[in-house]
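Bear in mind that the values in this text are calculations on the coordinates, not laboratory data. Every value quoted in this text rests on a predicted model; they were computed, and no experiment measured them. Here the Cβ positions follow ideal geometry from the backbone for every residue, glycine too, while neighbour counts run over all protein chains shown.
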Amino acid sequence: MLRLLLICGVSLTQALDNGLALTPPMGWLTWQRYRCLTDCTTYPDECISEKLIKRTADMLVDEGYLEAGYDYIGIDDCWMEKNRSASGKLVPDRERFPSGMKMLGKYVHSKGLKFGIYQDYGTKTCAGYPGVMGHEQTDVDTLVSWGVDYIKLDGCYSKPEEMKTGYPDFGRMLNKTGRPVLYSCSWPAYLEPDSILPNYTVIAENCNLWRNWDDIEDSWQSLLGIMNWFGDNQERLAPFAGPGHWNDPDMLLVGNYGLSLDQARVQMAVWAVLAAPLLISADLARMRPEFKEILLNRDIIAVNQDPLGKQGLRVYNDSKHHRQIWTRKLSDNSYAVAFVSTRVDGVPYAVSFSHGDMKIPAQNYRVQDLYNEEEDRKLGADETFTTRINPTGVKFFKFIPVGQSEEDFKDPEEHTLKNVNFNTDNDLDKTVVVV
Ligand SMILES: *[C@@H]1O[C@H](CO)[C@@H](O)[C@H](O)[C@H]1NC(C)=O
Ligand SMILES: *[C@@H]1O[C@H](CO)[C@@H](O)[C@H](O)[C@H]1NC(C)=O
Ligand SMILES: *[C@@H]1O[C@H](CO)[C@@H](O)[C@H](O)[C@H]1NC(C)=O
Ligand SMILES: *[C@@H]1O[C@H](CO)[C@@H](O)[C@H](O)[C@H]1NC(C)=O
């Protein structure tokens, strides 16, 4: 009975209401790949510059990324002059952004893309450029006058007490401009590592997304560390994700140097289950076709963008055998299930799982391989599911309920209640009350 009540639970009632990020934002951001490259002599094609942004904007459109949903293009740190102007305004680097940000914003918009930029709620940005503190209103006005659609507000050189008022105040100033600006707060990422538990109720009321944890680096080790942290802390994070407000495990590494093809598929699958923002940070001009195929996988993007907006969970974590299962419930009453192997030995062993292991109701399914390697197959209510997972790899399937006849599945709600196996502690259907 208790479980039945939980299924009908209440969800987050107060959230930032700017009409944006109803599904996790998708786009491209400079940081992971380009960091703070400012030397355009040594790195002419890679330095943070209007040339890089325009070139990438062109490719987002020409290469099909925009069409697949990647509609934001963002500049992270290192775009400014080291000093503000005489009147206290932020000034883009004069050599690297000779046309100015307003013109760059226009260019980005002319391509049908949206314009993202970085600032920091502190005395300085992480890389030492002028921070927002003491200039809040000026900076909001300046950024909005450039046509900015997305602001990532970092948290270097700021104290927890200052962030507590600073992030909400900055958001209110953005709201008052009347321009809907997607607001990404790095706020909790500066609390969690110091074991200060963020109040995610307040953060979700004020921000569209928020970085919770460490910066991602271009390696499997970093990716796995982030996956483990999000899995280990999911009980207190997942309830706060939903339309308009998302946890952010950081940028996609797909297309860079550090991940194998299998490992890149792991990230895309787990980010889809986590309802994570999909922010590419790679050189689109050097994107290998097999990585591009991962980024443009329509079925996986559809999982990430599912309108229900329910963050999935790591429902199975067998450290001994290096196996994890990540499951997300979708709006059409199906389940996206990622089977991850963190083994580093060479055999893609065959492994079997029950419905209970996957935390999906014990019923019949049609099983669709989202990476399109296997034919669709059927899974009966009393059968186990067997698959082979490559070392440091993933198999990612959609489990679509099917009945003896289609009639059995007309009413998704009734269907769920009728078929949920109440012995499997189905956390995926439990909605935690957050007010
Ligand atoms: C500002 O906030 C109000 C109240 O939450 C909301 O209705 C409005 O859409 C917001 N406007 C912008 C531009 O974000
Ligand atoms: C920035 O301003 C400081 C004084 O506020 C000055 O000492 C410094 O030389 C200026 N730097 C540049 C690059 O103009
Ligand atoms: C978080 O903030 C909300 C709203 O201000 C408050 O009601 C709640 O008690 C806070 N939670 C914790 C754990 O401090
Ligand atoms: C899950 O497994 C990883 C290693 O694969 C381990 O580091 C972590 O502690 C496990 N978490 C829980 C909650 O068991």
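Neighbour counts of other Cβ atoms within 10 Å put ILE360, ILE294 in the fewest-to-most order ILE294, ILE360. Using a Gaussian network model of the chain in which every pair of alpha carbons under 10 angstrom is joined by a spring, one finds that among GLY128, GLY27, GLY178 the greatest mean-square fluctuation is at GLY178. The long axis of helix 160-177 is offset from the longest Cα principal axis of the chain by roughly 80 degrees.
Say the dipole of region 12-304 comes from +1 at the beta carbon of Lys and Arg and -1 at that of Asp and Glu; which of PHE291, ASN304, LEU22 then lies farthest toward its positive end? The listed residue farthest towards the positive side: LEU22. Among GLU50, GLU136, the order by Cβ neighbours within 10 angstrom, fewest to most, reads GLU136, GLU50. When the Cα atoms of the chain are aligned to their principal axes, the ranges along those axes come out at 72, 45, 39 Å in descending order.
Shown for region 294-399: lysine pairs separated by 8 or more places, or found on different chains, whose C-alpha atoms are under 12 Å apart, numbering 4. Note on ASP369 and ARG286: the extension gain reaches 27.1 nm, defined as 0.36 nm multiplied by sequence separation minus the Cα-Cα distance. Each of PRO239, TRP31, PHE399 was scored by the projection of its Cα onto the charge dipole of the chain, and the greatest displacement toward the positive side belongs to TRP31; charges sit on the C-beta of Lys, Arg, Asp and Glu. Around the Cα centre of region 12-304, unit charges on the Cβ atoms of Lys, Arg, Asp and Glu (plus for the first two, minus for the last two) sum to a dipole of about 780 debye.
Taking label points 7 Å from Cα along the Cα-to-Cβ direction, SER354 and LYS159 give a separation of 5.4 nm.
Round to the nearest 10 and give me the degree value, 0 to 90, for the angle of helix 136-145's Cα axis relative to the longest principal axis of the chain. Around 80 degrees separate the two axes.
Based on Cα contacts under 8 Å between residues 6+ apart, region 12-304 shows a relative contact order of 21 percent. With respect to the chain, whose longest principal axis is taken over its alpha-carbon atoms, helix 101-110 is tilted by about 40°.
The residue list TYR183, PRO92, MET133 was ranked by how far each Cα lies along the charge dipole of region 90-213 toward its positive end, using unit charges on Cβ atoms, and PRO92 comes out on top. Once the other residues with Cβ under 15 Å from the Cβ of ASP17 are scored (Lys, Arg +1; Asp, Glu -1), what is the net sum? Net charge in that neighbourhood comes out at +2. Determine the sum of side-chain charges near GLY105: Lys and Arg each +1, Asp and Glu each -1, restricted to other residues whose C-beta is under 13 angstrom from that of GLY105. Local charge sum for GLY105: +4. Of the residues LYS329, LYS378, the one with the fewest other Cβ atoms within 10 Å heads the list, and the complete ranking is LYS378, LYS329. Under 5 Å from the amide H of MET26 lie the amide H atoms of ASP71, TYR72, LEU278, each residue being 5 or more positions distant or on a separate chain, with H modelled from the backbone and absent for Pro and chain starts.
Other residues whose C-beta falls under 12 angstrom from the C-beta of LEU296 contribute a net charge of -3, scoring Lys and Arg +1 and Asp and Glu -1.
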